[in-house]
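The values are calculated or read from the model by the stated rules, or taken from the named source; none is laboratory data. Everything numeric here is computed off the predicted structure, so don't read it as measured data. Glycine also receives a Cβ, built like all others from the backbone with ideal geometry; neighbour counts cover every protein chain displayed.
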Amino acid sequence: MKKIFFILISILFLTACKHEQNETFKKTDFTQGNAVFSIHITHPNQAIVKLKSYGTYKELDLDEAGNLTDSLNNISESYYMFSDKRNGAGFYIKPGAHVHVDVDTKSFLNLIKFSGDLANENNYLKEYFILGRDMDRINSVQHLAFQDENTFKKELNQVRDARLKLLNEYNEKHPLDSHFKYLEENRIKYEWVNRMETYEVYRRYALEDSTFTVSKDFYQFRDNVDKENRNLIIVPSYHYYLENIYQKEANEMTEKSGGDVYVNFLKTVQAKVNDSVIKERLLYSYTQQNLSKTTDIENFYKTFKAASIDKKHIANIQKNYVELNRLNPGKLAPDFTLVDEKGKKVSLKDFKGKYVYIDVWATWCRPCIAEMPYLEKLKEKYKDAPIVFVGVNVNSYKGDWTNYLKNNKVGGVKLYAGENSAFAEDYQVYSVPKSILINPYGVISTASAPRPSETELISMLFDRIKEKYKP
């Protein structure tokens, strides 16, 4: 009897150990260490490679042969993106690993090949991005929003199932790290979840019907999502999911109680998120993205500083905060010299004695193009006022700008800066469209001026200028 009892206990113990051991693959290691990323690019489009991830952004220089090697210090397990002017792709890395990639820009995704550590995992990611490219039409919101609910679910499930099939078949041929496979399964799950979450809003837009609602059981999938799984926070689609749900709550808070929506996001995360790792990552990444966008930068900065517990993060945000204050109202505007459509050099000092309204834009930016009709009306309305309208284009390729000018009627002063220009750096152009107002003494009035489409705000502002300088 004792022998049988001992055997039963042993079986239970081994089963428990086995179960516990099997669960360890789900745990993300946040221990920091150093890693190495190297790349060789054949036919490079430019001499710079951009490298970014959570808390990291670098612009690295290629040598003449198209090579670079970079040390990634004090990183934890992460997903990264590398890109040049035209293309980009992702890779996965851990402390202690050396990830190498060879790229030929003549067929960027098709000719990527990873070697060294984590080669199987990163070559899988290449296949994943290729599949995503090939299914882009079906998976695009613009397409899915125009489908009825049943068709939407059917097509979205096809995308999810194709991704899972790729993951499993690749794993059979080229065994993947079990933890990486777990992360990728959840990447696919939360990409599906994110599309499900957006359907109702985009369907209303497609139907032009603000009363449209999905079926009663549509949101049952929410029962199977986890808002507090720190092991998944490094997965881009999971991070995006959390950021979206707390942004919705912040939007609702702003509608009910007012305040700055960006500040309200930080307050929402601080109040609703219990896990310290998830909370810190959401706070830091969101503050990095939006410090330049908020209209209440002082409160936004103070709210982050009070909520964050990571000294390194606080120091980085403080550095960005000080940098952004260079463009505070009352600061001297950075001078610039750019070329117009005829090749003539134009400087800020050429407009001394007049207000300068700068519209920073790009031809690929839909919101920028949507502002153009409003901007042209503004130029006509205030043509006799002491205001110079200056359009500064930040396209990567100058030809895109000149072609747009040839095919569209654009008034005012038209200048070209380019994407990676001193102008973009000096005026902290992190996104477009961006509107800047400089006073007649070359001093910043506001680096976040109202857009032309904000007709009431912009009219109030310009009417005051016109009245003040009335002859």
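List every residue pair whose Cβ atoms lie under 7 Å apart, where the two residues are 6 or more positions apart in sequence or sit on different chains, the first residue falls within region 328-341 and is closer than 16 Å to residue 401 by Cβ, and the second residue, located anywhere, is of a type in the set (A, V, I, L, M) and in a strand (DSSP E or B).
338/346; 338/392; 338/415; 339/415; 340/346; 340/413; 340/415
Restricting attention to region 62-85, does a residue exist that is acidic (Asp, Glu), farther than 28 Å from residue 425 by Cβ and touching a strand residue (DSSP E or B) at 6+ places or on another chain (Cβ under 8 Å)?
Looking through region 62-85, at least one residue is acidic (Asp, Glu), farther than 28 Å from residue 425 by Cβ and touching a strand residue (DSSP E or B) at 6+ places or on another chain (Cβ under 8 Å).
Tell me whether region 147-170 contains one or more residues that are within 24 Å of the chain's Cα centre (by Cα), more than 29 Å from residue 68 (Cβ to Cβ) and among the acidic types (Asp, Glu).
No, because not a single residue in region 147-170 is within 24 Å of the chain's Cα centre (by Cα), more than 29 Å from residue 68 (Cβ to Cβ) and among the acidic types (Asp, Glu).
So, in region 198-252, how many residues would count as being among the aromatic types (Phe, Trp, Tyr) and more than 30 Å from residue 178 (Cβ to Cβ)?
7
For residues in region 191-241 being in a helix (DSSP H, G or I) and of a type in the set (Val, Ile, Thr), which is farthest from residue 277 (Cα to Cα)?
Step one: filter region 191-241 for residues in a helix (DSSP H, G or I), giving 191-207, 218-224, 230-232, 236-241.
Within this subset, residues satisfying the condition of being of a type in the set (Val, Ile, Thr) are 193, 198, 201.
On the way: 193: 22, 198: 26, 201: 30 Å.
Checked region 191-241; the qualifying residue farthest from residue 277 (Cα to Cα) is 201.
Do we find a residue being buried (at least 19 other Cβ atoms within 10 Å of the Cβ), out of contact with any Lys or Arg (no Cβ under 6 Å at 6 or more places or on another chain) and among the hydrophobic types (A, V, I, L, M, F, W, C) anywhere in region 130-141?
Within region 130-141, not a single residue is buried (at least 19 other Cβ atoms within 10 Å of the Cβ), out of contact with any Lys or Arg (no Cβ under 6 Å at 6 or more places or on another chain) and among the hydrophobic types (A, V, I, L, M, F, W, C).
One line per residue, one yes/no per condition, for (1) modelled with pLDDT under 95; (2) in contact with a Cys (Cβ under 7 Å, 6 or more places away or on another chain); (3) of a type in the set (A, V, I, L, M, F, W, C); (4) not assigned by TED's automatic domain parsing to the domain that holds residue 443:
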{"position": "272", "(1), (2), (3), (4)": "no, no, no, yes"}
{"position": "276", "(1), (2), (3), (4)": "no, no, no, yes"}
{"position": "286", "(1), (2), (3), (4)": "no, no, no, yes"}
{"position": "307", "(1), (2), (3), (4)": "no, no, yes, yes"}
{"position": "320", "(1), (2), (3), (4)": "yes, no, no, yes"}
{"position": "347", "(1), (2), (3), (4)": "no, no, no, no"}
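Considering each of 69, 24, 31 in turn, give the residue that is farther than 30 Å from residue 185 by Cα, hydroxyl-bearing (Ser, Thr, Tyr) and either modelled with pLDDT of 85 or more or assigned to a loop (DSSP other than H, G, I, E, B) (or both).
Numbers: 24 fails: farther than 30 Å from residue 185 by Cα; 31 fails: farther than 30 Å from residue 185 by Cα.
The unique qualifying residue is 69.
Residue by residue, here is whether (1) part of a loop (DSSP other than H, G, I, E, B); (2) more than 22 Å from the chain's Cα centre (by Cα); (3) aliphatic (A, V, I, L, M) holds:
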| position | (1), (2), (3) |
| --- | --- |
| 253 | no, yes, yes |
| 293 | yes, no, no |
| 301 | no, no, no |
| 304 | no, no, no |
| 314 | no, no, yes |
| 326 | no, yes, no |
| 338 | no, yes, yes |
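Among helices (runs of 4 or more DSSP H) lying entirely in region 368-471, which contain 2 or more residues that are closer than 23 Å to residue 347 by Cβ? Let's see the steps before the verdict.
Working: elements: 398-407, 422-426, 455-468.
Filter on region 368-471 gives 398-407, 422-426.
Conditions (1) over 30 Å from residue 415 (Cβ atoms); (2) among the aromatic types (Phe, Trp, Tyr); (3) buried (at least 19 other Cβ atoms within 10 Å of the Cβ), marked per residue:
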| position | (1), (2), (3) |
| --- | --- |
| 247 | yes, no, no |
| 252 | yes, no, no |
| 288 | no, no, no |
| 302 | yes, no, no |
| 333 | no, no, yes |
| 338 | no, no, yes |
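Looking at region 86-103, which of its residues are part of a loop (DSSP other than H, G, I, E, B) and touching a strand residue (DSSP E or B) at 6+ places or on another chain (Cβ under 7 Å)?
Answer for region 86-103, where residues must be part of a loop (DSSP other than H, G, I, E, B) and touching a strand residue (DSSP E or B) at 6+ places or on another chain (Cβ under 7 Å): 94, 95, 96, 97.
Looking at this structure, is residue 53 among the hydroxyl-bearing types (Ser, Thr, Tyr) and surrounded by fewer than 18 Cβ atoms within 10 Å (Cβ to Cβ)?
When the stated conditions are applied, residue 53 does not pass them.
Identify all residues within region 340-349 that are part of a helix (DSSP H, G or I) and among the aliphatic types (A, V, I, L, M); write none if there are none.
The answer is 348, and nothing else.
Please state which of the following conditions residue 397 fails to meet, knowing it meets all the rest: (1) more than 30 Å from residue 273 (Cα to Cα); (2) in the same structural domain as residue 274 (by TED's automatic domain parsing); (3) among the aromatic types (Phe, Trp, Tyr).
Condition (2) is where residue 397 drops out.
Residue-wise test of (1) among the acidic types (Asp, Glu); (2) in the same structural domain as residue 56 (by TED's automatic domain parsing); (3) in contact (Cβ under 8 Å) with a residue 24 or more places away in the chain.
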position	(1), (2), (3)
78	no, yes, yes
83	no, yes, yes
89	no, yes, yes
109	no, yes, yes
127	yes, no, yes
131	no, no, yes
142	no, no, no
152	no, no, yes
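Residues in region 117-146 that are outside any helix (DSSP H, G or I) and modelled with pLDDT of 95 or more: how many?
The qualifying residues number 2.
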